[in-house]
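The values are calculated or read from the model by the stated rules, or taken from the named source; none is laboratory data. Please read all numbers here as calculations on a predicted model, not as lab measurements. Because the Cβ atoms are built from the backbone with ideal geometry, glycine has one as well, and the counts that use them run over all protein chains shown. For accessibility, only protein heavy atoms count, side chains too; no ligands or nucleic acids. Shrake-Rupley method; radii C 1.70, N 1.55, O 1.52, S 1.80 Å.
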Amino acid sequence: MSETLTITTPDGAFSAYVARPQAVSAPAIVVIQEIFGVNKVMRDIADGLAAQGYVAIVPDLFWRIEPGIDITDQSEAEWKRAFELFNAFDVDAGVGDIAATIAAARKLNGVNGKVGAVGYCLGGLLAFLTATRTDVDASVSYYGVGVEKHVGEAEKLNHPLLMHIAEKDQFVPPEAQQVILNALKDHPQIEIHTYAGRDHAFAREGGAHYDAADAAKANGRSLTFFQKALAQKDPA
């Protein structure tokens, strides 16, 4: 079951795609988009999380540039547009919009108060920053681009963070990966998995670098992580 949610910020309002589980009360997961907007890939991820028992919310983070972006990775023109959006995107404002989405999620009917976040590509960076800058209960980052510039923020992290890193990521060179691993691998709240031979977006179904086996492995780890991190604590 899906619906549209409107989230209001001091700068204006934006929409979010919401997929709901069968359960009357469940944790929420904010699904953070790639550079293609809230497209079928993101909606399918949300629907998949709803099928696993979560209220999944996909905010339109490009709304400040142009609301309602919904493109694919299947044509050169769309890739060109996607990189224009990536370059025009204000990361700090985007994290603020995610914080507003988390706050709205906590108040949403059917959400039990627990909220996680998962992001891919650009969203992988935003998921990391969501973990360090917001009150999200748990965060998962898939092949985040630019995380190495922000590793110092991990000292503010006090909720669990799971990171998936593609070892052959064309947008995250080996030296950047080394910075990330050296800075974060011993952090008590961070779990990192690297995927040998995998390129960027190996978990994007239908994408050029999709790898079914490692996508299934990463997604399985993410679900296990959320099941543990977003479990309702019994009142003491």
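Details
- Some residue of region 111-126 being loosely packed, with under 15 Cβ neighbours inside 10 Å, at positive phi and touching a helix residue (DSSP H, G or I) at 6+ places or on another chain (Cβ under 9 Å): yes
- Lone unmet requirement of (1) of a type in the set (S, T, N, Q); (2) closer than 22 Å to residue 85 by Cβ; (3) surrounded by fewer than 18 Cβ atoms within 10 Å (Cβ to Cβ) for residue 182: (2)
- Residue match in region 211-222 (condition: among the acidic types (Asp, Glu) and open to solvent by 70 Å² or more (accessible area, probe 1.4 Å)): no
- Pairs with Cβ under 9 Å, 6+ apart, first in region 181-207 and free of Cβ contacts under 8 Å to residues at least 60 places away in the same chain and more than 29 Å from residue 46 (Cβ to Cβ), second open to solvent by 40 Å² or more (accessible area, probe 1.4 Å) and of a type in the set (Ser, Thr, Tyr): 181/194
- If you go through region 3-47 and keep only what is closer than 19 Å to residue 107 by Cβ, touching a helix residue (DSSP H, G or I) at 6+ places or on another chain (Cβ under 7 Å) and not aromatic (Phe, Trp, Tyr), you end up with 5, 7, 9, 16, 19, 20, 21, 28, 29, 30, 31.
- A Cβ distance below 9 Å, combined with a sequence gap of six or more or placement on separate chains, defines the contacts here; from region 109-121, residues that are in contact (Cβ under 8 Å) with a residue 40 or more places away in the chain reach residues that are open to solvent by less than 10 Å² (accessible area, probe 1.4 Å) and charged (D, E, K, R) in the pairs 119/34; 120/34; 121/34.
- Tallying residues that are within 16 Å of the chain's Cα centre (by Cα) and open to solvent by 70 Å² or more (accessible area, probe 1.4 Å) within region 199-210 yields 1.
- Looking across region 127-178 at every residue that is among the acidic types (Asp, Glu) and closer than 20 Å to residue 59 by Cβ, the one that is least open to solvent (accessible area, probe 1.4 Å) is identified as 137.
- Residues of region 7-44 that turn out to be of a type in the set (Val, Ile, Thr) and over 20 Å from residue 97 (Cα atoms), as a count: 2
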